[in-house]
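Enquirer: The structure that follows is given in the form of structure tokens.
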Amino acid sequence: MFAAVIVGVNSKDVNRLFDYKIPDRLTDVIKVGHRVFVPFGPRHVQAYVMSIHDDTGVPEDKVKEIVKVMDVEPVLTDELVELSKKLANYYIEPYISVIETILPVALKTKSKKVLMLDDSASGEAKFIYESYAVNGELETKSLHTRDLAKLMPYIDTGEIYEDILIKQHTRKKIQKGVRSLYLNKAPLERAPKQYEALHVIEDSNEPVLLADLKAQGYSEALVRELEKKGYVEKLDMIVERDPYESAVFEADYEKELTGEQTAAFNSINNALNNREDETFLLHGITGSGKTEVYLQLIQTALNNGRDAIMLVPEIALTPQMVNRFKARFGDDVAVLHSALSHGEKYDEWRKIQSGRARVSVGARSSIFAPFKNIGIIIIDEEHETTYKQSERPMYHAAEVAKLRSEYHHCPVVLGSATPSLESYARSSKEVYKRFELTHRPGMQQVPKAEIVDMSDEHKDGNSGILSRRLEAAIQDRIDRGEQTVLLLNRRGFANFQICQNCGHVPQCPNCDISLTYHKNNSSLLCHYCSYEEQVTRKCADCGSTDVTFRGTGTQKVEEILRDVFNVDIIRMDVDTTQRKGAHEQLLSRFESDNVPILLGTQMIAKGLDYPNVTLVGVLNADTMLNLPDFRANERTFQLLTQVAGRAGRHELPGEVIFQTYNPEHYAITLAMTNNYTEFYDREMQFRKFARYSPYYFHILFTVSAERIHDCLEATTDIHKTLVDNVSESCIIIGPSPSPIERIKNKNRFQILLKYKREPELKHVLDALDEKYTQIYKKTGLSLKIDVDPQYIM
DNA sequence: AGCACGCCGACT
DNA sequence: GTCGGCGTGCTC
């Protein structure tokens, strides 16, 4: 028997199947999807079994044997093996890189060659071995050639031998536990506390964690006493990391659905029961109770003995959200998000793989949850760009969801208050079935927003960040003891430093971008390559000391707000939420201390639901409008609509104020009136006219190299290849410099391909990828192919 | 990707 | 003479 494997080496060069002989002792063990350990060239690597055959075309003298199986059960199901192939083909990626994104990083293993001391070793061998060993271990690689020469004689005699050590990325977490030996020794009459503790231990069917006993008031000394008397023994227990172990969840019960909710629920529920892989679009205004529909659908899936995947954007993975799921489904829920450690992620993954969790709630990557019988996949806030991975493999979770639903014959639900144009267009053509939720059960109606024209403010001599209208509204809330949420879509203290004398703005030496001023450590920081320099209050260009800071970031606004209102303010941006748990802490303080103002970047636009928030202000509604991206309007509309939905969600009516320099722009006026369909129509006209998605599919080619000349040569070549090989209905834009021309000292040029139907395109992409992988090895020029890009920049 | 092989320059 | 620099090529 032979196994065709993909080796755990992330390189295009080895992106193919390698056949290995399955040793007889493993023929009944090894299955498709198993992790195995194989000799590969001069070393050993981990590999994944993709298929199993009776014969191989590889000559006998070349075929090697699988050394070892890494797991009892395969880590990939047949479905996930197939899925990885499809994704690798679609996104032009090596198989291994897809497999490694499907699996938790903790499963990656590396091996190292070490020298070991044989039991038969003489004192002499032992002495010399130990003189080179570090922490009792001797890695061959770290050994100097001449030192190896000294060890050589003993290697020849076999006293020292070479072995391969596999190091697991993550170890299981081990804690001390105690187990009863059920021995009726001398009674414990004179030690009632010990007697009690012994009963606690005996009452449990499993060994008890020492930490748990301590929590119940039995000291370690007491347990030690029991151990000494021979009643119990200590042992190591493998415990699962549960990031939510200290949280208490109140039970949450099903709520009665409104008419609109019921219509959507029934239809999707039918698809679920009938095992149809249909896609639904749930278009519901903020607060219309999409989540309740999701929860009840998941319940049906569970009742049918099937599993459920729920995706939410990373920033929406708030404790509020997670709590609701934990409250409804208890321990059946696995939670996966980027703030978990590798070990924690692995444990959640294991919970799913072993069948102990039947529901997963998580960010993008949890679409790969290793369920074996999926009943429903839900993607909440489906328009969010975070569902597309910005690094390779650049997959979109919705694309993966569709593939998985086909396999499992289960419905996919896309939910949003502001669906992406692509999804809404598909629902309009009945490719997706759409349901509208237009009411907010038990809530105030969505507040109408008000637009403040900031150029009018300037004309009237108010050059500050706060319009008079917004300032008065905030003061009003403060007086009434209500809360305000302010959105400012920019971080840092001020955008940049500028010389008043010559106009020089400090630039990143590696990237084509201005440095951002951060006040807390008084530094200038590049947001692309993390280059950092200290602020010198002197122009680097002309030497003038007349330098100031321009633009206004969250730090600066926080100061202004403190000056104006003299109240407590919570600021939430990338800088204040980096620490683990900081996000939760800030939000819970906002609620419990009734802090008057919450100021933040877009991360505050989602999921916040606090009854006392009655005012939402957007300080700069148009920052995203001017981005060089065809989706700029859509993003602006979405963000404004989302953040407006934060106000007046309960008894108190809400008010929303947008400050802008473009008071006439339809993305802003239609967000003000909360008119999605009209926005959709207007924006579709633009997309049709400019020939963009959803009328066309896109592929973005980005070439980066140190020399501009090399970029141009490559992009010209790619351009020609495309022209020669695609049909005339395609539109090729470029080559042109990328919006950020230089990142990390590499120049960047791009080509955008727009196409409708191009069956042969895949081969062209493969050929280009192949060609430029070779070129990359020689010259360092790289080509990135982004299929269905989210950003054209 | 790694790792060995191999062919060149500069050291004890 | 040997050590080690990194270009080249292969991995079932």
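Enquirer: Quick check: anything in segment A:50-69 surrounded by 17 or more Cβ atoms within 10 Å (Cβ to Cβ), away from DNA strand B (no atom under 16 Å from the Cβ), of a type outside the set (S, T, N, Q) and without any contact (Cβ under 8 Å) to a residue 40 or more places away in the chain?
Expert: Within segment A:50-69, not a single residue is surrounded by 17 or more Cβ atoms within 10 Å (Cβ to Cβ), away from DNA strand B (no atom under 16 Å from the Cβ), of a type outside the set (S, T, N, Q) and without any contact (Cβ under 8 Å) to a residue 40 or more places away in the chain.
Enquirer: Starting from segment A:753-780, keep only residues that are without any contact (Cβ under 8 Å) to a residue 24 or more places away in the chain, then list their pairs with residues that are within 15 Å of DNA strand B (Cβ to nearest atom) and outside any helix (DSSP H, G or I) whose Cβ atoms are within a distance under 7 Å, requiring at least 6 positions of separation or different chains.
Expert: Taking only residues 6 or more apart or on different chains, the pairs are A:Tyr776/A:Ser782.
Enquirer: Might you check whether a residue that is exposed (fewer than 13 other Cβ atoms within 10 Å of the Cβ) and either modelled with pLDDT of 75 or more or under 22 Å from A:Thr623 (Cα atoms) (or both) occurs anywhere in segment A:596-610? Write out each step before concluding.
Expert: So the first thing to find is which residues in segment A:596-610 are exposed (fewer than 13 other Cβ atoms within 10 Å of the Cβ), and the list is none.
Checked segment A:596-610: no residue is exposed (fewer than 13 other Cβ atoms within 10 Å of the Cβ) and either modelled with pLDDT of 75 or more or under 22 Å from A:Thr623 (Cα atoms) (or both).
Enquirer: If we scan segment A:49-63, do we find a residue that is within 16 Å of DNA strand C (Cβ to nearest atom), touching a Ser or Thr at 6+ places or on another chain (Cβ under 7 Å) and basic (Lys, Arg)? Show your work before the answer.
Expert: If we filter segment A:49-63 for residues that are within 16 Å of DNA strand C (Cβ to nearest atom), which is where we start, we get A:49-63.
With touching a Ser or Thr at 6+ places or on another chain (Cβ under 7 Å) added as a condition, the list becomes A:63.
Then keep just the ones that are basic (Lys, Arg); that gives none.
Within segment A:49-63, not a single residue is within 16 Å of DNA strand C (Cβ to nearest atom), touching a Ser or Thr at 6+ places or on another chain (Cβ under 7 Å) and basic (Lys, Arg).
Enquirer: Another one. Given the condition outside the structural domain of A:Lys771 (by TED's automatic domain parsing) and more than 16 Å from DNA strand C (Cβ to nearest atom), answer yes or no: does some residue in segment A:35-46 qualify?
Expert: Yes, the conditions are met somewhere in segment A:35-46.
Enquirer: Hey, can you tell me all the residues within segment A:204-232 that are more than 15 Å from A:Leu181 (Cβ to Cβ) and in a helix (DSSP H, G or I)?
Expert: A:Leu210, A:Ala211, A:Asp212, A:Leu213, A:Lys214, A:Ala215, A:Glu220, A:Ala221, A:Leu222, listed by residue number.
Enquirer: Moving on to the next point. For segment A:733-781, what are the residues that are under 28 Å from A:Tyr531 (Cβ atoms), away from DNA strand C (no atom under 16 Å from the Cβ) and not in a strand (DSSP E or B)?
Expert: Selection gives A:Lys744, A:Asn745, A:Tyr772.
Enquirer: Next up: Which number in (1) modelled with pLDDT of 80 or more; (2) over 18 Å from A:Cys526 (Cα atoms) marks the one condition that A:Ala540 misses?
Expert: It fails just one condition, (2).
Enquirer: Further question on the same structure: Within 9 Å of DNA strand C (Cβ to nearest atom), at pLDDT 95 or above and either of a type outside the set (S, T, N, Q) or at positive phi (or both) - does that describe any residue in segment A:23-33?
Expert: No: segment A:23-33 contains no residue that is within 9 Å of DNA strand C (Cβ to nearest atom), at pLDDT 95 or above and either of a type outside the set (S, T, N, Q) or at positive phi (or both).
Enquirer: Would you point out the residue of segment A:649-659, among those that are in contact with a Ser or Thr (Cβ under 9 Å, 6 or more places away or on another chain) and within 20 Å of A:Leu488 (Cα to Cα), that is surrounded by the fewest Cβ atoms within 10 Å (Cβ to Cβ)? Break it down into steps so the answer makes sense when it comes.
Expert: Just the residues of segment A:649-659 that are in contact with a Ser or Thr (Cβ under 9 Å, 6 or more places away or on another chain), to begin with: A:649, A:652-655, A:657, A:659.
After this cut, where a residue has to be within 20 Å of A:Leu488 (Cα to Cα) as well, the list is A:654-655, A:657, A:659.
On the way: A:Gly654: 24, A:Glu655: 21, A:Ile657: 24, A:Gln659: 23.
The selected residue is A:Glu655.
Enquirer: Among the residues of segment A:296-316, what is the count of those that are crowded, with 23+ Cβ neighbours inside 10 Å and within 23 Å of the chain's Cα centre (by Cα)?
Expert: So in segment A:296-316, the residues crowded, with 23+ Cβ neighbours inside 10 Å come out as A:297-298, A:301, A:307-312.
Next cut, within 23 Å of the chain's Cα centre (by Cα) only: A:298, A:307-312.
Final tally of qualifying residues: 7.
Enquirer: Do you know which residues across segment A:49-74 are farther than 21 Å from A:Leu165 by Cβ and either in contact with a His (Cβ under 7 Å, 6 or more places away or on another chain) or aromatic (Phe, Trp, Tyr) (or both)?
Expert: A:Val49, A:Pro74
Enquirer: In addition: Could you check how many residues of segment A:699-744 are within 27 Å of the chain's Cα centre (by Cα) and farther than 18 Å from A:Ala767 by Cα? Outline the logic, then answer.
Expert: Kept after step one, since they are within 27 Å of the chain's Cα centre (by Cα), are these residues of segment A:699-744: A:699-704, A:738-744.
Then drop every residue that is not farther than 18 Å from A:Ala767 by Cα, which leaves A:704, A:738-744.
Residues meeting the conditions: 8.
Enquirer: Can we say A:Arg358 is surrounded by fewer than 22 Cβ atoms within 10 Å (Cβ to Cβ) and touching an Asp or Glu at 6+ places or on another chain (Cβ under 8 Å)?
Expert: It is false that A:Arg358 is surrounded by fewer than 22 Cβ atoms within 10 Å (Cβ to Cβ) and touching an Asp or Glu at 6+ places or on another chain (Cβ under 8 Å).
Enquirer: Can you pull out the residues in segment A:665-707 that are more than 27 Å from A:Ser738 (Cα to Cα) and in contact with a strand residue (DSSP E or B) (Cβ under 9 Å, 6 or more places away or on another chain)?
Expert: Listed by number, the residues that qualify are A:Ile668, A:Thr669, A:Ala671, A:Met672, A:Thr673, A:Asn674, A:Tyr676.
Enquirer: Which condition breaks for A:Lys112 when tested against (1) part of a loop (DSSP other than H, G, I, E, B); (2) within 16 Å of DNA strand B (Cβ to nearest atom)?
Expert: The number of the failed condition is (1).
Enquirer: Can you name the residue in segment A:620-645 that is over 24 Å from the mean Cα position of the chain (by Cα) and crowded, with 24+ Cβ neighbours inside 10 Å and, of all such residues, is nearest to A:Val557 (Cα to Cα)?
Expert: Here the answer is A:Ala621.
Enquirer: Looking at (1) touching a residue at least 60 places away in the same chain (Cβ under 8 Å); (2) assigned to a helix (DSSP H, G or I); (3) farther than 30 Å from A:His396 by Cβ, find the lone condition where A:Glu130 falls short.
Expert: (1)
Enquirer: So how many residues does segment A:58-95 have that are under 27 Å from A:Gly355 (Cβ atoms), of a type in the set (A, V, I, L, M, F, W, C) and in a loop (DSSP other than H, G, I, E, B)?
Expert: Final tally of qualifying residues: 4.
Enquirer: Quick one: in segment A:8-34, which of the residues that are within 25 Å of the chain's Cα centre (by Cα) and either under 24 Å from A:Glu162 (Cα atoms) or in the same structural domain as A:Ile775 (by TED's automatic domain parsing) (or both) is nearest to DNA strand B (Cβ to nearest atom)?
Expert: A:Val9
Enquirer: Checking the condition among the hydrophobic types (A, V, I, L, M, F, W, C) and surrounded by fewer than 16 Cβ atoms within 10 Å (Cβ to Cβ), which residue from A:Val29, A:Val14, A:Val7 passes?
Expert: A:Val29
Enquirer: Exactly one of (1) free of Cβ contacts under 8 Å to residues at least 60 places away in the same chain; (2) more than 14 Å from A:Phe701 (Cα to Cα); (3) crowded, with 19+ Cβ neighbours inside 10 Å is unmet by A:Arg748. Its number?
Expert: All conditions pass for A:Arg748, except number (2).
Enquirer: Additional query: Report, by residue number, each residue of segment A:8-19 that is near DNA strand C (Cβ under 8 Å from one of its atoms) and closer than 18 Å to A:Thr101 by Cα.
Expert: Of everything in segment A:8-19, those that are near DNA strand C (Cβ under 8 Å from one of its atoms) and closer than 18 Å to A:Thr101 by Cα turn out to be A:Val9, A:Ser11, A:Val14, A:Arg16.
Enquirer: Any idea how many residues of segment A:345-384 are under 28 Å from A:Leu608 (Cα atoms), in a strand (DSSP E or B) and small (Gly, Ala, Ser)? Full working, then the answer.
Expert: First, the residues of segment A:345-384 that are under 28 Å from A:Leu608 (Cα atoms): A:345, A:348-349, A:357-369, A:376-384.
With the extra rule that they be in a strand (DSSP E or B), the set shrinks to A:359-362, A:376-380.
With small (Gly, Ala, Ser) added as a condition, the list becomes A:360, A:362.
Of the residues in segment A:345-384, 2 are under 28 Å from A:Leu608 (Cα atoms), in a strand (DSSP E or B) and small (Gly, Ala, Ser).
Table: residues versus (1) in contact with a helix residue (DSSP H, G or I) (Cβ under 9 Å, 6 or more places away or on another chain); (2) not assigned by TED's automatic domain parsing to the domain that holds A:Lys754.
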site: A:Arg682; (1), (2): yes, yes
site: A:Ala705; (1), (2): yes, no
site: A:Asp710; (1), (2): yes, no
site: A:His719; (1), (2): no, no
site: A:Val726; (1), (2): yes, no
site: A:Ser729; (1), (2): no, no
site: A:Gly734; (1), (2): yes, no
site: A:Ser738; (1), (2): no, no
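Enquirer: Sticking with this structure for a sec: Give A:Lys167, A:Lys176, A:Lys185 a once-over and let me know the one that is part of a strand (DSSP E or B) and modelled with pLDDT under 75.
Expert: On the way: A:Lys176 fails: modelled with pLDDT under 75; A:Lys185 fails: part of a strand (DSSP E or B).
Selected residue: A:Lys167, the only one of A:Lys167, A:Lys176, A:Lys185 that is part of a strand (DSSP E or B) and modelled with pLDDT under 75.
The values are calculated or read from the model by the stated rules, or taken from the named source; none is laboratory data. The structure displayed is predicted, hence computed values, not measured ones. Don't worry about glycine lacking a Cβ; one is built from the backbone with ideal geometry, like all the others, and counts go over all protein chains shown.
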